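Participant: One structure is given below, represented as structure tokens, and several questions about it will come after.
The values are calculated or read from the model by the stated rules, or taken from the named source; none is laboratory data. Note that the structure is a prediction, hence the values are computed from the model and not measured. Heads up, the Cβs are rebuilt from the backbone with ideal geometry, glycines too, and the neighbour counts pull from every protein chain shown.
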Amino acid sequence: MKAILTDTTKCVGCRECVVACKKRHDLENAVPRRWNSDDGLSARNWTSIVEKPEKKYIRKQCRHCLEPACVSACPVGALRKNKDGAVVYDGDKCMGCRYCMMACPYGIPRYDWDQQIPYVRKCILCAEHVAKGEEPACTETCPTQATIFGDRDELLAEARRRIKGNPNKYIDRIWGEHEIGGSQVLYISDTDLSCLSYGQHLGDKPLPERTSTAMKAVPFAFVGMGSVMAGVSWVIGRRMENQRRKNDQEGTDNE
């Protein structure tokens with residue numbers, strides 16, 4: 001299973017990763033929206049650099065959870081994990097419900113309001129390129145190797161090696177190793193990274209386990225709502241037809 005390891009101590013905030021991502025996926029410039037969050041992500045920015053005090057730079061992107069809440073929340077299968085583990089998106093299936101946006105604890109998926117048919121957008125770990133043996137654009141272009149690509153187990157071993165070799169440099173933690181079941185985008189750092197989850201303590205239990213009962217009810221909710229709407233439509237149609245007949249009859253009587 002493939003993964004990314006980001007070492008924030010090596011990041012210089014050059015944003016080459018941001019540029020490379022936009023170029024590879026042909027993403028247009030983002031249009032500022034007053035409701036956008038301040039993390040730099042949008043439907044047209046799939047990775048960003050969050051700047052913290054004392055020139056600390058943290059790259060933010062989809063975490064590609066091992067058991068993703070967005071996938072479990074999607075009622076039509078528009079999001080799925082592929083064989084390399086990337087959480088990829090199928091716009092042909094998406095109905096724009098935005099359940100994935102509500103489910104993601106990291107606030108990653110973004111709605112593309114600027115399209116005639118708006119879809120959800122996010123990092124897909126350069127899935128097509130990885131399938132051909134290539135690297136994601138972001139890791140390939142990083143000039144300081146602050147973010148590297150490889151097998152998840154090997155990157156975890158590398159992260160532990162760096163922490164053990166420089167205990168005064170790093171916080172003794174690998175972000176993404178265990179949180180909500182683990183993710184394929186890992187971090188080591190000399191500063192707290194709770195900002196990536198908006199300060200929430202997520203715990204280690206995968207989110208789909210917590211939400212499975214509610215999500216099993218979604219198909220029935222769709223069927224139930226569809227039945228209700230069909231009934232309402234029939235009643236309204238029936239009343240309109242009766243009113244039309246009444247008007248026609250009154251017109252005949254007046255003649």
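Participant: Just give me the residues in the range 81-116 being free of Cβ contacts under 8 Å to residues at least 60 places away in the same chain, crowded, with 18+ Cβ neighbours inside 10 Å and assigned to a loop (DSSP other than H, G, I, E, B), in sequence order.
Facilitator: Those that are free of Cβ contacts under 8 Å to residues at least 60 places away in the same chain, crowded, with 18+ Cβ neighbours inside 10 Å and assigned to a loop (DSSP other than H, G, I, E, B): C94, C104, P109.
Participant: Being in the same structural domain as G85 (by TED's automatic domain parsing), in a helix (DSSP H, G or I) and in contact (Cβ under 8 Å) with a residue 24 or more places away in the chain narrows it down to one residue among I163, I124; which is it?
Facilitator: Details: I124 fails: in a helix (DSSP H, G or I).
Exactly one residue qualifies, and that residue is I163.
Participant: Check D7, D39 and return the single one that is within 14 Å of R110 (Cα to Cα), among the acidic types (D, E) and in contact (Cβ under 8 Å) with a residue 12 or more places away in the chain.
Facilitator: Result: D39 is the single residue among D7, D39 that is within 14 Å of R110 (Cα to Cα), among the acidic types (D, E) and in contact (Cβ under 8 Å) with a residue 12 or more places away in the chain.
Participant: Give the residue that is farthest from T8 (Cα to Cα), with candidates limited to residues of the range 117-127 that are surrounded by 13 or more Cβ atoms within 10 Å (Cβ to Cβ) and of a type in the set (A, V, I, L, M).
Facilitator: Looking only at the range 117-127, we keep the residues that are surrounded by 13 or more Cβ atoms within 10 Å (Cβ to Cβ), and these are 118-127.
Retained after the next criterion (residues that are of a type in the set (A, V, I, L, M)): 120, 124-125, 127.
Working: V120: 28, I124: 21, L125: 19, A127: 24 Å.
Per the criteria, the residue is V120.
Participant: Could you please find all residues in the range 128-138 being surrounded by fewer than 20 Cβ atoms within 10 Å (Cβ to Cβ) and either outside any loop (DSSP other than H, G, I, E, B) or in contact (Cβ under 8 Å) with a residue 60 or more places away in the chain (or both)?
Facilitator: Selection gives E128, H129, V130, A131.
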